[in-house]
Every structure is written in structure tokens, then in C-alpha cells.
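Derivation of every value follows stated rules applied to the coordinates shown; laboratory data play no part. The structure displayed is predicted, hence computed values, not measured ones. A quick note on method: Cβ atoms are made from the backbone with ideal geometry, for glycine too, and the neighbour counts reach across all protein chains shown.
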Amino acid sequence: ITDTTIFYISSLTCPNGCSDFIGLGNQVVFVYNQAPVIDDPGDLEGCGSVVLPPITGMNIPGDAAYYTQPNGGGTAYLPGQTVNFSGTLYLFADNGGCVDEVSVMVNVDSGFDPAWTAPAGLCSNDGP
């Protein structure tokens, strides 16, 4: 089966070997969902913050997101959102019960840039 398919029941056999005609003609629908495959974006690094990139791959549903815990747990962050912390995020996609997950490290540098202050009393004619 490679697509959602409808079957009709034409015969049934009970576990004890007797025939059961009650369900004949009923529809059984098999729903085929393609498993998502998430591309690994690699480590995410930034100074002060990181903008989360789009989640790409095959069969990625529109609600795929980044999570702070595995299996779509914890706090969710959408692609395009900005995070200002370091740690592991989990890219999680669920396509009708077929799931994929990729973990990435987020490294956010504090962005601290010490200011240089000229010493007091420095004159233009002072030597090096």
C-alpha cells in the first residue's frame, strides 16, 4: 500500500474457525502516511541570539517545530523565532503518527564586548 486505500470486507473468519457474515460489505480504510525525514541543520551558533532556521527535509508537516525536550516535549519554538540560550533543541515532525527527530546544539555567545577606555591624562605628544 503506497496511498490511502479503501477495502471492502468480503469474508471473515472467527478465531474459532466459524464464519462471521455480520461485517461483510463494510469499508476498511487504510491511511498511508509518509514518514518525515528531517535534514540535520548542524550546530546553531550566534552572538547574543540565534534565529531558528526552517525545518527542511522530506514529508515535513507544517507544524514541525523545535522543542526543548525529546518527542515533541517541553517548550516549542517555531522556525524563524529567536532564542537567546545555549543547549540542545530537538527538531520534531509528526506526520499522522510517523515521526522523525533530530537533535541540535545551540551555542549562544553572551555577546559581551568590553569597552576600552583611554587612560586619563594621555596627551598627543606622549610617546609610545
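What list do you get for Leu91, Leu52 if you sort them by fewest beta carbons within 10 Å?
Leu52, Leu91
So what are the ³J(HN,Hα) numbers for the stretch 57-65, from phi and the Karplus equation (6.51, -1.76, 1.60; θ = phi - 60°), rounded to whole Hz, Gly and Pro as x?
Whole-Hz 3J(HN,Hα) from phi for the stretch 57-65: x, 10, 6, 7, x, x, 9, 4, 8.
Which far-off residues, 5 or more places away or on another chain, put their amide H under 5 Å from the one on Ala65, with H placed in the peptide plane?
Answer set, sorted by chain and number: Phe92.
At 7 Å along Cα-to-Cβ for each site, give me the label-to-label distance between Cys98 and Asn59 in nm.
0.1
Taking neighbour Cβ counts within 10 Å as the exposure measure, how do Tyr8, Tyr77 sort from fewest upward?
Working: Tyr8 9, Tyr77 16.
Listing Tyr8, Tyr77 from fewest to most nearby Cβ atoms yields Tyr8, Tyr77.
In nm, give the distance between the simple-model label positions of Ala76 and Asn107, each being 7 Å from the Cα along the Cα-to-Cβ direction.
About 3.0 nm, to one decimal.
5 Å is the cut-off here: which amide hydrogens, built 1.01 Å from N in the peptide plane, fall below it relative to Gln81, excluding neighbours closer than 5 in sequence?
It is Leu52, by chain and number.
Would you kindly derive the ³J(HN,Hα) couplings of the stretch 27-39 from the backbone phi angles with the Karplus curve 6.51 cos²θ - 1.76 cosθ + 1.60 (θ = phi - 60°), listing them in order in whole Hz, with x for Gly and Pro?
8, 10, 9, 9, 9, 9, 10, 7, 5, x, 10, 8, 6
What list of ³J(HN,Hα) values in whole Hz, one per residue of the stretch 47-55 in order, does the Karplus curve 6.51 cos²θ - 1.76 cosθ + 1.60 (θ = phi - 60°) give from phi, with Gly and Pro shown as x?
Here the 3J(HN,Hα) series is 9, x, 6, 9, 8, 6, x, x, 8 Hz.
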